[in-house]
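A short worksheet on the structure shown next.
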Amino acid sequence: EGWVTGQKRNNQWNQFKEYTVGQFRKLEILILREIEQQESVRLNLTVTFESTLEKINRLLTNVRVERSLKGDFEIFHRVTGIKLDPKHISSGESELIALTIECLTFAKSCKEDCQNILLLDEPDVHLHPDLQVGFVYFLIDLVKVSNFTIIIATHSTAILGGLLDYPESRFSILENGSSNANFNEISDTHRKILPIFGAHPLSNLFNQSPILLVEGEDDERIFQQAVRSANGALSLYPCPVGGIRNLDDFEDAVIELIHGVYDNARAYSLRDRDGGVEEIADRPPLSRFRTSCRSAENLILTDEVLATLDTSWKDLKVLIDIWLSSFHSHPKHRIMTDFKKEGFDRKYFDLKEIRNILVGLTPSPKPWEFAVGQVIGKIAMTKLPKDFGDGKICNFLGRKFCDIIPD
């Protein structure tokens with residue numbers, strides 16, 4: 001019993017030990033030579049081999065690496081100080097020790113008159129996401145003071161996320177079958193989207209909660225509330241893009257990332273109809289939608305949302321007439337008057353500038369985004385039917401978008 005596991009651990013440690021100890025000894029020699037040969041380094045009492053070891057130990061949460069009298073290293077429990085049998089540390093810890101020693105050795109071996117390049121193939125193997133990010137920060141600190149470039153091949157969105165704030169980072173997404181990598185700077189669009197992908201390191205999790213690009217923060221609050229109200233029946237990850245002008249760029253970035261990182265993933269993009277047509281073509285695997293109404297604000301005046309705000313469309317029109325007769329000098333009086341003149345067209349009239357007045361006329365103190373999100377969540381939970389009749393929220397959202405809301 002336990003023989004197979006024991007053999008695997010023995011083989012893993014023996015292979016790790018043999019190579020890593022050799023690298024460790026080489027690193028020690030290189031650093032000691034540097035201290036001896038460079039006066040500026042020799043006179044700096046903080047530059048020791050122990051200070052190099054500390055760079056490794058800062059990454060390790062449970063154990064520490066220390067030099068032994070035999071010329072290699074030993075591993076100790078960080079809290080108790082007890083010496084550990086190397087066979088009993090985790091695969092992630094052994095991987096991290098090996099990686100950091102090798103990278104430090106490479107940094108000290110670089111030639112001044114050459115372009116030195118360190119290739120790392122999937123260094124995330126065996127490392128949980130926190131260790132992956134910590135390892136990236138270790139690499140960034142290393143290249144800042146060294147004469148080399150690092151090229152990493154990885155499937156890890158955690159590693160990519162760790163590189164977001166380093167201005168010298170460049171990245172390329174390779175689709176299946178592609179052999180050409182075109183490296184580009186990380187744009188503001190990628191900085192906003194990549195953390196969302198990083199929250200879904202496995203493709204099946206991303207598929208369960210696909211990204212939903214929306215125009216602004218109002219839309220984000222609507223769908224955040226819809227997801228909360230649905231209690232698991234609706235899974236979306238809303239991401240505001242900062243306006244309609246940015247939506248195409250965000251769509252491009254999402255499509256690129258999906259093709260390079262995930263298999264058979266889904267993503268969605270929702271925009272206001274404004275004055276245009278409702279139909280919009282998909283960009284597979286990205287499904288695109290326009291609301292059937294003019295904008296998200298029109299959802300306030302749907303029957304279900306007004307009921308959530310403790311009123312009805314009939315009663316609200318009476319309250320609007322009272323407001324018009326009472327606030328002639330209000331700066332939005334003309335817009336409200338136009339709304340009435342156009343027959344209270346609650347689906348297509350531009351309500352952006354009078355939305356707060358309309359919500360203020362209702363008895364409920366709820367924010368309008370909260371009320372709209374609650375209704376969408378209730379539909380996903382089948383507490384409300386998908387009704388496409390006049391004045392109903394599904395009619396305003398559109399049939400195509402409502403198809404992604406579970407029945």
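When region 173-191 is filtered for residues that are open to solvent by 50 Å² or more (accessible area, probe 1.4 Å) and in contact with a strand residue (DSSP E or B) (Cβ under 7 Å, 6 or more places away or on another chain), the ones remaining, listed by number, are 183, 184, 185.
Scanning region 352-370 for residues that are open to solvent by 40 Å² or more (accessible area, probe 1.4 Å) and in contact (Cβ under 8 Å) with a residue 60 or more places away in the chain, we see that the one that is nearest to residue 318 (Cα to Cα) is 367. Under the condition of being assigned to a strand (DSSP E or B) and either modelled with pLDDT of 95 or more or not small (Gly, Ala, Ser) (or both), the residues counted in region 255-310 number 10. Within region 228-239, the set of residues being open to solvent by 10 Å² or more (accessible area, probe 1.4 Å) and either of a type in the set (D, E, K, R) or within 17 Å of the chain's Cα centre (by Cα) (or both) comprises 228, 235, 236, 237, 238.
Determine which member of the set 83, 87 is at pLDDT 75 or above, open to solvent by 30 Å² or more (accessible area, probe 1.4 Å) and touching a Lys or Arg at 6+ places or on another chain (Cβ under 7 Å). Step by step, each of 83, 87 is checked, and only 87 is at pLDDT 75 or above, open to solvent by 30 Å² or more (accessible area, probe 1.4 Å) and touching a Lys or Arg at 6+ places or on another chain (Cβ under 7 Å). Among the residues of region 240-268, those that are closer than 16 Å to residue 284 by Cβ and open to solvent by less than 40 Å² (accessible area, probe 1.4 Å) comprise 251, 253, 254, 255, 257, 258, 260, 262, 265, 267, 268. Within region 281-303, being open to solvent by less than 60 Å² (accessible area, probe 1.4 Å), farther than 16 Å from residue 223 by Cβ and either of a type in the set (Asp, Glu) or free of Cβ contacts under 8 Å to residues at least 24 places away in the same chain (or both) holds for one residue alone: 303.
When region 339-351 is filtered for residues that are open to solvent by less than 90 Å² (accessible area, probe 1.4 Å) and within 43 Å of the chain's Cα centre (by Cα), the ones remaining, listed by number, are 339, 344, 345, 346, 347, 349, 350, 351. Of all residues in region 142-160, those that are over 18 Å from residue 119 (Cβ atoms), open to solvent by 30 Å² or more (accessible area, probe 1.4 Å) and not β-branched (Val, Ile, Thr) total 1.
Residue 327 falls short on exactly one of the conditions (1) within 30 Å of residue 404 (Cα to Cα); (2) of a type in the set (Phe, Trp, Tyr); (3) surrounded by fewer than 16 Cβ atoms within 10 Å (Cβ to Cβ), and that condition is (1). Considering only region 34-56, I want to know if a residue exists there that is surrounded by 12 or more Cβ atoms within 10 Å (Cβ to Cβ), assigned to a loop (DSSP other than H, G, I, E, B) and at pLDDT 70 or above. Scanning region 34-56, I find at least one residue that is surrounded by 12 or more Cβ atoms within 10 Å (Cβ to Cβ), assigned to a loop (DSSP other than H, G, I, E, B) and at pLDDT 70 or above, so the answer is yes. Checked against the criteria, residue 124 counts as out of contact with any strand residue (DSSP E or B) (no Cβ under 7 Å at 6 or more places or on another chain), touching a residue at least 24 places away in the same chain (Cβ under 8 Å), of a type in the set (D, E, K, R) and surrounded by 14 or more Cβ atoms within 10 Å (Cβ to Cβ).
Of the residues 322, 404, the single one that is surrounded by fewer than 20 Cβ atoms within 10 Å (Cβ to Cβ), modelled with pLDDT under 95 and either farther than 27 Å from residue 270 by Cβ or among the hydrophobic types (A, V, I, L, M, F, W, C) (or both) is 404. Failed condition for residue 113, given (1) in contact (Cβ under 8 Å) with a residue 24 or more places away in the chain; (2) out of contact with any Lys or Arg (no Cβ under 7 Å at 6 or more places or on another chain), with all others met? All conditions are met except number (1). Taking residues in region 383-395 that are within 15 Å of residue 347 (Cβ to Cβ), and partners anywhere that are modelled with pLDDT of 95 or more and among the basic types (Lys, Arg), the pairs with Cβ atoms closer than 6 Å and at least 6 places apart or on different chains are 394/386. Within region 57-87, if we keep just the residues that are in contact (Cβ under 8 Å) with a residue 40 or more places away in the chain and assigned to a helix (DSSP H, G or I), the residue that is nearest to residue 141 (Cα to Cα) turns out to be 86. Of the residues making up region 7-33, those that are modelled with pLDDT of 80 or more and open to solvent by 90 Å² or more (accessible area, probe 1.4 Å) are 25, 26.
The values are calculated or read from the model by the stated rules, or taken from the named source; none is laboratory data. These figures come from a predicted structure and were not determined experimentally. Please note: Cβ atoms are built from the backbone with ideal geometry, for glycine as well, and neighbour counts cover all protein chains shown. To get the accessible areas, we keep the full protein, side chains included, count just its heavy atoms, and leave off ligands, DNA and RNA. Shrake-Rupley method; radii C 1.70, N 1.55, O 1.52, S 1.80 Å.
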